[in-house]
Amino acid sequence: MAHLPSLPDNATLLDVFKMFPETNRPLLEFHEALLRGPSPFTDAERELIAAYVSGLNGCRYCHGVHTATAERLGVPQGSVAALLAGDAKADIPVKMRPVLELAAKLTERADGLTKSDVDAVFAAGWDGQAYYHLVATVALFNYMNRLVEGLGIELDQAYVGVAARRLADRGYRPLIDMIAQPGPGRPKSG
């Protein structure tokens, strides 16, 4: 159940975005630029990072939506679950393994990274731009997971497919457009 009395019991993040457009429009623009803009990582790889971080954080909502999105974009079905279960044989490209190891360390303890963790990402063939995109994606989803959990947004399985289709097929731009429109009876922030 949502923790804000002004949100419906079955609130989605879209409800939150619409309620607080002044902070969420820039947040969604950041999502669009980081997750769908030019990057050394594919859209699928960025969604994989988002799903993995969200799973590590136990955020069922973000984990569900971004796992489905990653799979729709081509990540093999069940790969994220296998990673989270510690399956060393998870169907993940070798080049992504140090990326996800660093994502886990940064998520579990921000000051826990070592030079060897960073060096492993570069040794796998990623460049400085990729490293920035990795760290920014991990940071974004640690923030989003805490926003979702702090507001009490719960996963509705029926919403997962709808959200994954929208994110995989059209990115985050439609969400930006949806919250830009004034809604009738939009509650005041606060």
*For the chain, what is the calculated [θ] at 222 nm in deg cm²/dmol (nearest 500), taking -39500 (n - 2.57) for each run of four or more DSSP H residues and dividing by its residue count?*
-20000 deg cm²/dmol
*Can you pull the Kirkwood radius for region 33-144, inverse mean 1/r over Cα pairs, to one decimal in Å?*
13.7
*Out of 61, 159, 172, any idea which swings most in a Gaussian network model of the chain, alpha carbons joined below 10 Å?*
159
*Stretch residue 146-residue 95 to full length: gain in nm at 0.36 nm per residue minus the Cα-Cα span?*
15.5 nm
*Computed over region 1-142: relative contact order in percent, which uses C-alpha pairs under 8 Å that are six or more apart*: 24
_Give me the one-decimal nm value for the distance between modelled label points at residue 4 and residue 82, 7 Å along each residue's Cα-to-Cβ direction._
3.9
*Report the FRET efficiency, 1/(1 + (r/R0)^6), for residue 169 and residue 111, where r is their Cβ-Cβ distance and R0 is 45 Å, rounded to 0.05.*
0.75
*From the Cα gyration tensor of region 7-89, with a ≥ b ≥ c the square roots of its eigenvalues, which class applies: rounded if a/c is under 1.5, or else prolate if a/b is larger than b/c, or else oblate?*
oblate
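Bear in mind that the values in this text are calculations on the coordinates, not laboratory data. Note that the coordinates shown come from a computational prediction; the quantities given were computed from them, not determined experimentally. Reconstructed Cβ throughout: ideal geometry from the backbone, glycine too, with neighbour counts over all protein chains shown.
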